[in-house]
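Contents: one structure, followed by commentary.
The values are calculated or read from the model by the stated rules, or taken from the named source; none is laboratory data. Keep in mind that this is a model prediction, so the values were computed, not measured. When we count neighbours, we look across all protein chains shown, and the Cβ atoms used for this are built from the backbone with ideal geometry, even at glycine.
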Number of protein chains: 2
Amino acid sequence: MTTTYDLAVLGGGPGGFDAAVEAAAAGLKVALVEAADLGGTCLNHGCIPTKLWLGATSVLEELAAQTKVRVAAGEVRVDFAALQARKDRHLAATRKAMAQRLGQLGVDLLPGRGRIAGANTLEVLGAEATRTLDFRKLLVATGSRPAAFPGLMPDGARVLDSTGFLALPAMPKSLIVVGGGFIGLEMAQAAHRLGAHITIVDALPRLAGLEDPEVSKALEAVFKRQGWDIRLGVKVTSVTTQGDSAVLSMLTSAEAPAEELVAECALVAVGRRPNSTDLGLESLGVALVGPGYINTNENLEAAPDVFAVGDVNGRMLLAHAASHQAHYVVERLLDKTRGAYDSGPVPSILYGSPEVLRVGLMAGEAQAQGDDVLVSRAQLIANPIAQAHAATQGFVKCVWRQGRVAGITAVGADVSRMAVSASLIVQAGWTREEAANFMFPHPTLDESLKAALLADKEAA
Amino acid sequence: MTTTYDLAVLGGGPGGFDAAVEAAAAGLKVALVEAADLGGTCLNHGCIPTKLWLGATSVLEELAAQTKVRVAAGEVRVDFAALQARKDRHLAATRKAMAQRLGQLGVDLLPGRGRIAGANTLEVLGAEATRTLDFRKLLVATGSRPAAFPGLMPDGARVLDSTGFLALPAMPKSLIVVGGGFIGLEMAQAAHRLGAHITIVDALPRLAGLEDPEVSKALEAVFKRQGWDIRLGVKVTSVTTQGDSAVLSMLTSAEAPAEELVAECALVAVGRRPNSTDLGLESLGVALVGPGYINTNENLEAAPDVFAVGDVNGRMLLAHAASHQAHYVVERLLDKTRGAYDSGPVPSILYGSPEVLRVGLMAGEAQAQGDDVLVSRAQLIANPIAQAHAATQGFVKCVWRQGRVAGITAVGADVSRMAVSASLIVQAGWTREEAANFMFPHPTLDESLKAALLADKEAA
């Protein structure tokens with residue numbers, strides 16, 4: 001006899017775990033299949049360890065800022081080995097707490113790889129045995145993994161992906177980061193604080209290529225001032241371990257000869273790929289699109305009785321997007337909603353110093369939709385809290401469509417503190433009048449959001 | 001011939017300045033009368049200098065936190081003289097920018113004390129001459145000053161009010177703070193970081209007596225751990241300068257003999273009093289209430305053609321409340337609104353480490369209104385960003401009435417970052433369902449707000 005679960009979940013990352021917890025709390029019988037560690041990429045190899053690095057080292061940025069204005073002086077050393085040990089303890093404790101929560105709720109946590117064995121049947125290939133279970137509904141939340149391309153293959157020696165990089169026992173003295181997106185830039189910032197000389201290489205003509213171009217420009221200015229070597233618009237032909245070094249070959253133009261960069265380590269952060277193979281999805285008629293993303297309909301269904309959430313469906317590769325989709329799926333299972341999935345505004349954040357915040361439409365995106373677009377801006381330098389922290393570089397920029405806020409982006413120290421309010425304001429689609437009538441607390445860095453909302457609008 | 005102004009403003013603090021700017025930008029002819037410095041208490045002797053102290057010294061808190069978890073080590077010295085010089089430069093630059101803004105907008109800035117000389121006539125008693133001007137409307141925004149009581153009189157020697165304290169050339173080694181409200185606690189935190197041993201004395205049985213009792217308890221626990229001497233429920237009979245010391249006498253109970261506390265300085269922070277005398281308000285029939293607050297009707301009118309905003313009307317002694325009221329008054333003058341003044345939720349923040357955030361109704365206040373009140377809570381220790389900063393003490397607490405959020409309070413490091421979103425959520429009166437459907441970015445400290453909103457509710 002096999003057990004029939006109301007819900008079987010493949011993957012214990014933010015999407016899968018949250019779905020399992022919420023469904024079980026509502027009384028459903030749930031199985032959660034996880035091939036590696038509870039918490040998935042976000043907890044174990046992504047957002048959380050990076051934030052532990054950045055949190056522990058933010059004291060260095062604060063000290064540098066106050067030293068620059070000659071108010072403070074001193075020396076702070078961060079013990080990287082101690083930080084890694086603390087990180088590992090935190091991750092282990094969190095995984096343990098997650099497992100306990102599942103246990104309390106009666107969720108069966110099944111270690112192993114899940115594979116669809118037929119309609120409403122799943123095989124779980126554990127280390128020692130294979131187990132079969134039946135399900136009424138299946139949620140695929142298997143996430144993603146670092147992308148690798150020929151010539152850009154992490155080798156576990158001097159060429160690492162984000163997973164390998166976060167596990168380093170010592171921080172290298174020099175680091176080449178291939179990829180100037182959020183993952184590469186967060187890790188580069190942490191490495192910089194921890195003493196590594198940073199070289200960033202990207203095929204795009206600007207850092208953070210998905211962001212507003214003004215944000216890219218601000219980031220480049222700050223990082224160049226920190227002494228980073230930034231190589232944009234170049235084609236990387238290979239990154240390999242040679243002896244004790246990582247060696248990168250690149251073409252800076254069609255005519256120029258190949259150039260080499262050498263560092264103690266290289267981090268390859270060129271995007272992520274969905275974990276959608278070897279799951280038996282084809283047998284249920286699930287379609288894969290692009291680099292293998294599970295195609296989902298407006299209800300996040302991939303096939304009858306099969307849902308997919310999180311990175312693997314390719315809608316938005318962010319942990320909170322996965323959790324939000326998971327909540328929707330459980331609401332559907334419980335018949336609490338029948339409408340199509342609506343993400344609402346999806347905030348994204350680059351952590352570090354500076355930080356980047358983005359939510360809603362950027363000016364270029366809104367224009368591409370054929371709208372008349374206006375923008376308004378405020379500089380952080382006018383803000384007393386930015387002044388107090390001697391971190392005055394950056395701005396908040398609002399995107400307006402038909403008199404309403406359609407998007408907000410910001411760059412600068414601590415701008416992530418405006419993420420939730422910016423999301424709420426974009427969701428509400430505030431007019432200038434609504435912004436003027438709302439009481440922002442004083443003094444706060446958040447008043448630079450107010451200032452941007454009230455500033456004169458100009459053509460985008 | 002005197003000039004007739006559309007609007008005469010008494011006081012160039014947040015309320016008066018913002019009103020003058022907004023009215024002038026809308027085309028009104030405006031005079032702004034300021035007896036001292038543009039920016040008022042907030043800029044010159046209150047929120048801003050305190051935040052410059054706290055911002056410059058937050059590096060010490062970060063270092064202490066990471067040292068405690070053995071991730072960082074080092075030594076940071078803050079040069080108090082340099083900090084004071086930077087503070088003074090910032091304040092001067094801000095005042096200059098404010099004056100320039102008034103000039104650009106054609107506001108006549110009149111230095112001197114304003115006094116009502118008859119209906120729609122004002123005398124401005126400048127240093128050298130007295131000038132008379134006529135106005136159509138008058139806005140009184142004269143603010144407040146530190147309260148002083150017999151036996152508790154700042155003497156400019158060792159017994160100081162907040163103004164004198166912020167002007168100190170050197171931080172004393174020991175400090176008695178009389179008054180455990182937000183002003184006293186912010187200044188005590190800055191002084192603590194800058195090396196002063198802190199003693200806090202208050203007549204109330206708990207610190208931050210206007211806050212949720214759980215917040216008071218959390219604050220006391222942190223400050224005691226920092227070595228503060230906290231004396232609550234005592235009656236201070238006198239604070240005087242004796243030689244090179246400040247000496248405080250107090251009664252700890254009706255029976256006990258008087259006790260003395262001695263420190264290098266004492267700061268008296270026992271509240272504030274409105275600046276409402278000698279303005280000639282009586283001649284217009286303006287009524288004063290309580291300790292001298294200008295009585296205003298639902299339209300913030302104190303008499304025909306006379307409005308009062310900010311501390312002086314006693315509604316809410318906060319800079320952002322003054323600015324918000326000022327915006328309303330200008331909207332009325334411009335005939336853009338005819339409704340009664342509605343503050344919306346008024347956030348208040350204690351800065352430092354820990355911080356306190358409060359917006360909307362607290363549980364006790366809601367119960368006093370006869371409502372069935374539920375509360376829900378989340379502890380910061382469960383939050384990965386709190387863990388990353390090794391600052392895990394504190395919580396977020398939500399107050400629910402009829403299934404909707406009526407108030408939010410929080411205590412802990414950096415909880416002020418949730419102020420704007422908490423205000424927006426209280427204003428919207430979210431249900432639990434609405435909280436569950438909103439996408440909070442991960443990982444953020446703000447997720448502890450989400451966790452509190454989604455936590456099980458219990459009786460208050």
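Output the number of residues of segment A:54-86 satisfying the condition of being over 24 Å from B:LEU54 (Cα atoms) and crowded, with 23+ Cβ neighbours inside 10 Å.
Here the count works out to 1.
With respect to the numbered conditions (1) over 22 Å from A:GLN427 (Cα atoms); (2) away from chain A (no Cβ under 13 Å), which one is the sole condition not fulfilled by B:ALA406?
Unmet for B:ALA406, out of (1) over 22 Å from A:GLN427 (Cα atoms); (2) away from chain A (no Cβ under 13 Å): (1).
Filter segment B:411-435 down to the residues that are under 23 Å from B:SER353 (Cβ atoms), within 13 Å of another protein chain (Cβ to nearest Cβ) and aliphatic (A, V, I, L, M) and list them by number.
Correct list: B:ALA413, B:VAL415, B:MET418, B:ALA419, B:VAL420, B:ALA422.
Any idea how many residues of segment A:159-196 are surrounded by 24 or more Cβ atoms within 10 Å (Cβ to Cβ) and free of Cβ contacts under 8 Å to residues at least 12 places away in the same chain?
0
Would you check if B:ALA36 is away from every other protein chain (no Cβ under 13 Å), farther than 21 Å from A:ALA388 by Cβ, touching a helix residue (DSSP H, G or I) at 6+ places or on another chain (Cβ under 8 Å) and in a helix (DSSP H, G or I)?
Here the answer is no, as B:ALA36 does not meet what is asked.
Go through (1) within 19 Å of B:LYS336 (Cα to Cα); (2) over 26 Å from the mean Cα position of the chain (by Cα) for B:THR4 and report which single condition fails.
All conditions are met except number (1).
How many residues are under 18 Å from B:ALA196 (Cα atoms), part of a loop (DSSP other than H, G, I, E, B) and either over 20 Å from the mean Cα position of the chain (by Cα) or hydrophobic (A, V, I, L, M, F, W, C) (or both) when one looks only at segment B:136-174?
9
Go through the residues of segment A:382-395 one by one and say whether even a single one is within 30 Å of A:GLY27 (Cα to Cα), of a type in the set (A, V, I, L, M, F, W, C), at the interface with another protein chain (Cβ under 9 Å from one of its Cβ atoms) and in a loop (DSSP other than H, G, I, E, B).
no
Which of the residues belonging to segment B:1-22 are more than 14 Å from chain A (Cβ to nearest Cβ) and within 18 Å of B:GLN104 (Cα to Cα)?
If the condition is that a residue be more than 14 Å from chain A (Cβ to nearest Cβ) and within 18 Å of B:GLN104 (Cα to Cα), then B:TYR5, B:ASP6, B:LEU7, B:ALA8, B:VAL9, B:GLY12, B:GLY16, B:ALA20 are the ones that fit.
Check B:GLU128 against each of (1) modelled with pLDDT under 95; (2) in a strand (DSSP E or B) and name the one condition it does not meet.
Result: B:GLU128 passes all but (2).
Residue under question is A:VAL239, and the condition is that it be in contact (Cβ under 8 Å) with a residue 12 or more places away in the chain, more than 30 Å from A:LEU63 (Cα to Cα) and outside any loop (DSSP other than H, G, I, E, B); does it hold?
So A:VAL239 passes the test.
Restricting segment B:269-288 to residues that are in contact with a Gly (Cβ under 7 Å, 6 or more places away or on another chain) and assigned to a strand (DSSP E or B), which is surrounded by the most Cβ atoms within 10 Å (Cβ to Cβ)?
Filtering segment B:269-288 for residues that are in contact with a Gly (Cβ under 7 Å, 6 or more places away or on another chain) and assigned to a strand (DSSP E or B), the one surrounded by the most Cβ atoms within 10 Å (Cβ to Cβ) comes out as B:PRO274.
For segment B:43-79, what are the residues that are within 7 Å of chain A (Cβ to nearest Cβ), under 19 Å from A:ALA81 (Cβ atoms) and either without any contact (Cβ under 8 Å) to a residue 12 or more places away in the chain or in a helix (DSSP H, G or I) (or both)?
Residues satisfying the conditions are B:LEU63, B:GLN66, B:ARG70, B:ALA72, B:ALA73, B:GLY74.
Is it the case that segment B:304-311 has a residue that's assigned to a loop (DSSP other than H, G, I, E, B) and surrounded by 24 or more Cβ atoms within 10 Å (Cβ to Cβ)?
Yes, that holds for at least one residue.
Mind listing whichever residues of segment A:207-228 are small (Gly, Ala, Ser) and either more than 20 Å from the chain's Cα centre (by Cα) or part of a helix (DSSP H, G or I) (or both)?
A:SER216, A:ALA218, A:ALA221, A:GLY227 - these are the residues of segment A:207-228 that are small (Gly, Ala, Ser) and either more than 20 Å from the chain's Cα centre (by Cα) or part of a helix (DSSP H, G or I) (or both).
Can you find even one residue in segment A:101-119 that is exposed (fewer than 15 other Cβ atoms within 10 Å of the Cβ) and free of Cβ contacts under 8 Å to residues at least 24 places away in the same chain?
The answer is yes; a qualifying residue exists.
Could you tell me which residue of segment B:353-377 is farthest from B:LEU317 (Cα to Cα), considering only residues that are within 14 Å of chain A (Cβ to nearest Cβ) and assigned to a strand (DSSP E or B)?
The qualifying residue farthest from B:LEU317 (Cα to Cα) is B:GLU355.
State whether one or more residues within segment B:214-236 are surrounded by fewer than 17 Cβ atoms within 10 Å (Cβ to Cβ) and closer than 19 Å to B:PRO146 by Cβ.
Taking every residue of segment B:214-236 in turn, none turns out to be surrounded by fewer than 17 Cβ atoms within 10 Å (Cβ to Cβ) and closer than 19 Å to B:PRO146 by Cβ.
Results for (1) closer than 30 Å to A:VAL69 by Cα; (2) within 26 Å of the chain's Cα centre (by Cα), shown as yes or no for each residue.
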| residue | (1), (2) |
| --- | --- |
| A:ALA363 | no, yes |
| A:ILE381 | yes, no |
| A:ALA391 | yes, yes |
| A:GLN402 | no, no |
| A:ILE425 | no, yes |
| A:HIS442 | yes, no |
| A:LEU449 | yes, yes |
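What is the residue count in segment A:305-352 for residues that are more than 9 Å from chain B (Cβ to nearest Cβ), more than 16 Å from A:PRO274 (Cβ to Cβ) and of a type in the set (Lys, Arg)?
2
For segment A:338-378, name all the residues that are surrounded by fewer than 18 Cβ atoms within 10 Å (Cβ to Cβ), of a type in the set (S, T, N, Q) and in the same structural domain as A:GLN402 (by TED's automatic domain parsing).
Selection gives A:GLN367, A:GLN369.
Only residues that are hydrophobic (A, V, I, L, M, F, W, C) and either buried (at least 23 other Cβ atoms within 10 Å of the Cβ) or part of a helix (DSSP H, G or I) (or both): list them for segment B:441-460, please.
Hits for segment B:441-460 are B:LEU445, B:LEU449, B:ALA451, B:ALA452, B:LEU453, B:LEU454.
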